[in-house]
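The values are calculated or read from the model by the stated rules, or taken from the named source; none is laboratory data. Remember, it's a predicted structure, so these values are computed and weren't measured experimentally. Glycine also receives a Cβ, built like all others from the backbone with ideal geometry; neighbour counts cover every protein chain displayed. The area values use the complete protein model at the heavy-atom level, side chains included, leaving out ligands, DNA and RNA. Shrake-Rupley method; radii C 1.70, N 1.55, O 1.52, S 1.80 Å.
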Amino acid sequence: MPVITFANTKGGAGKTTAALLLATELANTGARVTILDADPQHWISHWHEISGKIANIDVISFVSLASIQAHLSENRARTDYFIIDLAGARNTLMATAIGLSDHVLIPIQGCAMDAKGGAQVLEILAQLEKNAGIRIDHSVVLTRVNSLVTTRALQVVKQLLAQRAVRVLDTPIVERAAFRDIFDCGGTLGDMYPNRVSNLDKACQNARAFAEEVCKLVPLRAVNRLRRAA
Ligand SMILES: Nc1ncnc2c1ncn2[C@@H]1O[C@H](COP(=O)(O)OP(=O)(O)O)[C@@H](O)[C@H]1O
Ligand SMILES: [Mg+2]
């Protein structure tokens, strides 16, 4: 049961949105997903409350430094994927979650401030490798990308990442109304009405392509550190 963590020390980078899209897409394919909601804003917990029961998804709402490891070990028998949504802050919980992950996804909007928050996560990953010899696989996912134009800021961020040889997912998460509305309406993209949400079909395709790409990088057979240590 791989652990996938969304991290960027800047708030508003698109972590929670990307985490929820991945969770709902994985659940839709039949995988059992447990989301650890470590974002103090608790958007995913709120989404879960208004959604009612969603097949294959469990949400753990209160995650602390003291409890995170226990949440993983207690739920691993009934979980195919763990998804951790972190606060937009650099703290010990973040470093611990990263250390327990099989893959860290770093959502970055095409802007310099977001790239800086992403760079801080890359720094933590580099420190872990240098100081403890632990290499955690990771990728950047570009978020809130304009579906029509490539902005100059986005090109600059892409160049920066290429220079640092950081993997960037081929599928960016596009700016879509459906990805905002899902937090207001609850449920999944599949529960929305195409006549009420613009470009719902494109949003669904985008979320599916994102999840498929992540699944290729983090196949179910990946075994997390916790299990290896057990
Ligand atoms: N792909 C997207 N399309 C539309 N709105 C988005 C998208 N990604 C994020 N948002 C909006 O941007 C804001 C910040 O996103 P959020 O996922 O909460 O970021 P974070 O968890 O990094 O703080 C929210 O209002 C969210 O609805
Ligand atoms: Mg968040």
*Any residue in the range 39-56 that is of a type in the set (S, T, Y) and closer than 21 Å to I136 by Cα?*
no
*Please work out which residue is surrounded by the most Cβ atoms within 10 Å (Cβ to Cβ), limiting yourself to the range 64-123 and to residues that are hydrophobic (A, V, I, L, M, F, W, C) and assigned to a strand (DSSP E or B).*
I106
*Looking at (1) assigned to a helix (DSSP H, G or I); (2) within 16 Å of ligand 1 (Cβ to nearest atom); (3) open to solvent by less than 10 Å² (accessible area, probe 1.4 Å); (4) under 28 Å from Q120 (Cα atoms), which is the only condition W47 fails?*
(4)
*Would you check if there is a residue in the range 144-151 being touching a residue at least 24 places away in the same chain (Cβ under 8 Å), open to solvent by 70 Å² or more (accessible area, probe 1.4 Å) and within 14 Å of the chain's Cα centre (by Cα)?*
yes
_Lone qualifier among T17, T9 - being open to solvent by 10 Å² or more (accessible area, probe 1.4 Å) and in a helix (DSSP H, G or I)_ = T17
*Can I35 be described as within 13 Å of ligand 2 (Cβ to nearest atom), of a type in the set (A, V, I, L, M) and either open to solvent by 10 Å² or more (accessible area, probe 1.4 Å) or closer than 23 Å to I98 by Cβ (or both)?*
yes
*Failed item in (1) surrounded by 17 or more Cβ atoms within 10 Å (Cβ to Cβ); (2) touching a residue at least 24 places away in the same chain (Cβ under 8 Å); (3) within 14 Å of ligand 1 (Cβ to nearest atom); (4) not aromatic (F, W, Y), with I54 passing the rest*: (3)
*Among L105, L125, L86, which is more than 16 Å from ligand 2 (Cβ to nearest atom) and not β-branched (V, I, T)?*
L125
